[in-house]
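So the structure is just underneath, and the comments pick up after that.
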Amino acid sequence: MNSLTKNILLAIGTAALFSAFIYLEYFGIENKFLNTLFGLGAIALLLSIPKKAVLFSGFFIGLFWFYWIGFSFKYQGVGYMEPFVTLGFGILYLLFFAPLAFTDKPYIRALLLFGLSFFEPLGWNWMKIELLFVNSYIGVYKYQLAAVLLALSLPSLIKNKKYRYLPLLLLVFAYNYGYPKQYDAPLKIKLVQTEIPQSVKWERSSLYPTVAMIFEKIRQAQAEGYDVVIFPESVFPLFMNEMPKLMQELRKASEKITVIAGALMRENNLNYNVTYMFDKGRYKVAKKLILVPFGEYIPLPKFAQKFINDTFFQGSSDFVTAKKPTDFVIKGIRFRNAVCYEATCKELYNGNVKYMIAISNNAWFTPSIEPTLQKLLLEYYARKNGVTIYHAANMSGTGVIK
């Protein structure tokens, strides 16, 4: 076996271990022991494999985690870009992990890997090193990641074989001793998962059936005694503030049950991705705070933004944001609002947040591991911050996250 083949096989094995927790979850296999073993094995390999294998590992990790991102481009009319986007994310994470390839010393790689855990390339924050341990016997705080890296890298500095593996005792400090307590909201909340494919979601012929379905779900939830009914992101495929009759009907329905639903909003010729709360005949709008890189904004210098937006996204990646997070108060209970991607951003958890309403449209990426990775990220943030998340999604991912 030549060295190139060996390095590629090592890289695939490393990337497979690094990604195993996602795919185990995707196939419904929940095993803390396996997640712990595979996670530690992945980190150990990244610290010790040859330099070239590190580069290949980064490439395959990018593919295994984010192959699905290009799926959404076909709905923008640029489906031919899908393989290029997939390849691009492989290259992006080859570069992300590339600093590890500048040295073959495990303790230096450990320092570099810890530093990379703070880095978000192009504003994309779904690569969390600690996420490997979200459903394991290891905790997800930074000090626990540091303990793992020290335990796995320090043996390389000890020449006495008798004591070489003594640093593994540091894994005691990485053990998951628990997270802040999470509570259920003292309300009866109905989470609605819709099954509307992205290919038909914005078709004019789908509008009436969708609106009829929403009002039927509202009636059912009200009849079943729910206090709140929550629908997914952009469940109303329209600019809600330009539909006064529809808003009037929702305000009327909210006299008996609080209705929370995603839609679009146009204000002063600017587009917003928003959540509407209809409650007791009134309504409140929560504008999205953090946009999806490339999906809703272009994370590049101004001179490149317009060209890419107009060329590849038909001008659709031009949403704007709120200035700060929005909270909804329902029967005296405060909920932080989050729309899809921003529910996986630390900024949304700042302040006194106990409960979060998160809405998503996962039809852009199904079938794929995207809803699974999103769920794991929501668990990561929910547990770290002691927040209970009520997540309503289109196609996949609906549930209470604790």
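Data for the structure
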| quantity | calculated |
| --- | --- |
| Count of the stretch 14-23 residues which are open to solvent by less than 30 Å² (accessible area, probe 1.4 Å) and closer than 21 Å to GLN374 by Cβ | 6 |
| Test: PRO232 is assigned to a loop (DSSP other than H, G, I, E, B) and open to solvent by less than 40 Å² (accessible area, probe 1.4 Å) | yes |
| LEU4 hydrophobic (A, V, I, L, M, F, W, C) and surrounded by fewer than 15 Cβ atoms within 10 Å (Cβ to Cβ) | yes |
| First in the stretch 316-341 and open to solvent by less than 20 Å² (accessible area, probe 1.4 Å) and modelled with pLDDT under 95, second anywhere and β-branched (Val, Ile, Thr) and part of a strand (DSSP E or B), Cβ under 6 Å, 6 or more apart | none |
| Among the residues listed as LYS74, LYS161, the single one being among the charged types (D, E, K, R), open to solvent by 40 Å² or more (accessible area, probe 1.4 Å) and not in a helix (DSSP H, G or I) | LYS161 |
| Which numbered condition GLN222 fails, given (1) in a helix (DSSP H, G or I); (2) over 23 Å from VAL274 (Cα atoms); (3) in contact with a helix residue (DSSP H, G or I) (Cβ under 7 Å, 6 or more places away or on another chain) | (3) |
| Scan of the stretch 173-207 for residues that are assigned to a helix (DSSP H, G or I) and either touching a Lys or Arg at 6+ places or on another chain (Cβ under 7 Å) or in contact (Cβ under 8 Å) with a residue 12 or more places away in the chain (or both), ordered by number | PHE173, ALA174, GLN198, SER199, LYS201, SER206, LEU207 |
| Residue ID - least open to solvent (accessible area, probe 1.4 Å), chosen from residues in the stretch 48-58 that are assigned to a helix (DSSP H, G or I) and over 24 Å from PHE133 (Cβ atoms) | LEU55 |
| The lone exception for ALA185 - which of (1) in contact with a strand residue (DSSP E or B) (Cβ under 6 Å, 6 or more places away or on another chain); (2) surrounded by fewer than 16 Cβ atoms within 10 Å (Cβ to Cβ) it fails | (2) |
| The stretch 386-400: number of residues that are in a strand (DSSP E or B) and open to solvent by less than 10 Å² (accessible area, probe 1.4 Å) | 6 |
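A quick yes/no check of all residues on (1) open to solvent by less than 20 Å² (accessible area, probe 1.4 Å); (2) touching a residue at least 12 places away in the same chain (Cβ under 8 Å); (3) within 18 Å of the chain's Cα centre (by Cα):
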position: PHE66; (1), (2), (3): yes, yes, yes
position: GLU82; (1), (2), (3): no, yes, no
position: PHE96; (1), (2), (3): yes, yes, no
position: LEU100; (1), (2), (3): yes, yes, no
position: PHE114; (1), (2), (3): no, yes, no
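For every residue, the table says whether it meets (1) under 28 Å from ALA147 (Cα atoms); (2) open to solvent by 60 Å² or more (accessible area, probe 1.4 Å); (3) of a type outside the set (A, V, I, L, M); (4) free of Cβ contacts under 8 Å to residues at least 12 places away in the same chain.
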{"position": "ILE12", "(1), (2), (3), (4)": "yes, yes, no, no"}
{"position": "LYS32", "(1), (2), (3), (4)": "yes, yes, yes, no"}
{"position": "ALA42", "(1), (2), (3), (4)": "yes, no, no, no"}
{"position": "LEU46", "(1), (2), (3), (4)": "yes, no, no, no"}
{"position": "PHE60", "(1), (2), (3), (4)": "yes, no, yes, no"}
{"position": "THR86", "(1), (2), (3), (4)": "no, no, yes, no"}
{"position": "ILE91", "(1), (2), (3), (4)": "no, yes, no, no"}
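The values are calculated or read from the model by the stated rules, or taken from the named source; none is laboratory data. Note that this is a predicted model, so its numbers are computed, not measured. When we count neighbours, we look across all protein chains shown, and the Cβ atoms used for this are built from the backbone with ideal geometry, even at glycine. What goes into the accessible areas is simple: the full protein's heavy atoms, side chains included, and nothing from ligands, DNA or RNA. Shrake-Rupley method; radii C 1.70, N 1.55, O 1.52, S 1.80 Å.
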